[in-house]
Amino acid sequence: METNYLKFLPAPKKNFRIKGLLVIALFITFSACEKNENDDPVVEIDDKLDLLNDLSAVWNLESGYSEFFHSTVKEFRWLDNVCENAVDGNGNPLPQEFDDKTVFSKAYNYTNALSVYNQLLTTTMNDPFDTLVNFTIPKNEYEDAYTKSNITVNYSYDLTIKKNGEYKVSVIYNHFEPDYPLYYNDEIEMQYGQSFSGTSEYVGNWYLSDNDFGLNQGIRFEGFPLIVVHILPVYDLTDITDIRFEFNYVSGIDFTTEDMLFEIENLTDTAMTLSFSENKNSYSQIANQEFEAYFNNFQVDCQGVFTEVTVKNKNQYLSFKSDGIDAED
């Protein structure tokens, strides 16, 4: 009898093939949906247009602050402790070890009508050298000379952002300094008092900057203006062996311009918050300061190490308000 081999062959796995095709189809469909949500260029263009529409306005600075911090640490150490009490070939003591730190900070606090400036200097140096008068100044006198609080400047700051990539800053400021020394002659006493005021406009370009702040958008301004208050001290130099600080005063107000990259922390059609932070540190060390010295009549080779560490921080936080009207209108 002839055997029918066909009935012993395995039947085609139609169900598995259909299921496999179904899984692939679902995967393709899901991937297509996911791409439509996140990578659709039309969506990105719409988001960009919305961003431009919100940015395009006249923004008035309502609150915020600008902070600047600068610290310098200088240190000198001998590698051998014997050198602390050694002398040179002429019997003079070697340079003494020291560890000095000077901190200088400046802060501007803004409201919609005022800028309040505070300046603080602290140092561990006993006798700092002031390049202004080319004299060594006692520590406390030097700290007082460069510290001044609550300098109030009437201040209006408007930032206009346009869709074409241009921006304009309009600034109005006014401050009266009662301690500003005026010229005098032999017949009258010194007169004091000076007003600083002005209206200035700064024009530049701005750009959106992606991928600088993670999820938040960045905006870069070319030549962004920032207020600068200048302080000058007055010393009594009658006796150069006993120099005393008398008073300090606002000697001028102007603006510096910098290229600034801000993070847009908040943006609606009537509110915008920009922030900026920058930290710079530097370190240097010189280890070849060698001296031929003597200790208890024995010659010793003394090597000193000088180290300097500098830290500079800048922080800006600016909160603006707008009436929601497009700057192009």
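Mind listing whichever residues of the range 190-212 are free of Cβ contacts under 8 Å to residues at least 12 places away in the same chain and not aliphatic (A, V, I, L, M)?
Within the range 190-212, Q191, D210, N211 qualify.
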Only one of D158, D144 is of a type in the set (D, E), at pLDDT 95 or above and within 23 Å of the chain's Cα centre (by Cα); which?
-> D158
Inspect the range 238-246 for any residue being basic (K, R) and more than 24 Å from the chain's Cα centre (by Cα) and give the result as yes or no.
-> yes
Qualifying residues in the range 287-299 (those that are in contact (Cβ under 8 Å) with a residue 12 or more places away in the chain and surrounded by 10 or more Cβ atoms within 10 Å (Cβ to Cβ)) - the one farthest from G91 (Cα to Cα) = A287
Within the range 93-130, residues being under 25 Å from the mean Cα position of the chain (by Cα), of a type outside the set (A, V, I, L, M) and at pLDDT below 95 number 2
Taking T257 as the residue in question, decide whether it is in contact with a Ser or Thr (Cβ under 6 Å, 6 or more places away or on another chain) and among the β-branched types (V, I, T).
-> no
Selection from the range 131-162 of residues that are over 30 Å from N112 (Cβ atoms) and surrounded by fewer than 18 Cβ atoms within 10 Å (Cβ to Cβ) | T131, L132, V133, N134, F135, T136, P138, K139, N140
Subset tally (residues that are under 25 Å from D179 (Cβ atoms) and not acidic (D, E)) for the range 200-244 | 16
Specify the residue that is farthest from Y283 (Cα to Cα); the eligible residues are those in the range 73-87 that are in a helix (DSSP H, G or I) and hydrophobic (A, V, I, L, M, F, W, C).
-> V82
Verdict on S284 being under 30 Å from P95 (Cα atoms), polar (S, T, N, Q), in contact (Cβ under 8 Å) with a residue 24 or more places away in the chain and surrounded by fewer than 17 Cβ atoms within 10 Å (Cβ to Cβ) | yes
If you check every pair at least six apart or on different chains, which have Cβ atoms under 8 Å apart with a residue in the range 300-318 that is closer than 16 Å to K106 by Cβ and modelled with pLDDT of 95 or more first and a residue that is surrounded by 15 or more Cβ atoms within 10 Å (Cβ to Cβ) and among the charged types (D, E, K, R) second?
-> N313/E67; K314/E67; N315/E67; Q316/E67
Working carefully through the options D236, D212, find the one that is modelled with pLDDT under 95 and surrounded by 12 or more Cβ atoms within 10 Å (Cβ to Cβ).
-> D212
Might you let me know whether the range 261-274 holds any residue that is in contact with a helix residue (DSSP H, G or I) (Cβ under 6 Å, 6 or more places away or on another chain) and part of a strand (DSSP E or B)?
-> yes
Options I286, I253: the member that is of a type in the set (V, I, T) and more than 30 Å from C83 (Cβ to Cβ) = I253
Checked the range 247-274 for anything in contact with an Asp or Glu (Cβ under 9 Å, 6 or more places away or on another chain), exposed (fewer than 13 other Cβ atoms within 10 Å of the Cβ) and farther than 21 Å from E62 by Cβ; matches are D259
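The values are calculated or read from the model by the stated rules, or taken from the named source; none is laboratory data. From a predicted model like this one, the values you see are computed outputs, not experimental measurements. Ideal geometry is used to build each Cβ from the backbone, glycine not excepted, and the neighbour counts take in all protein chains shown.
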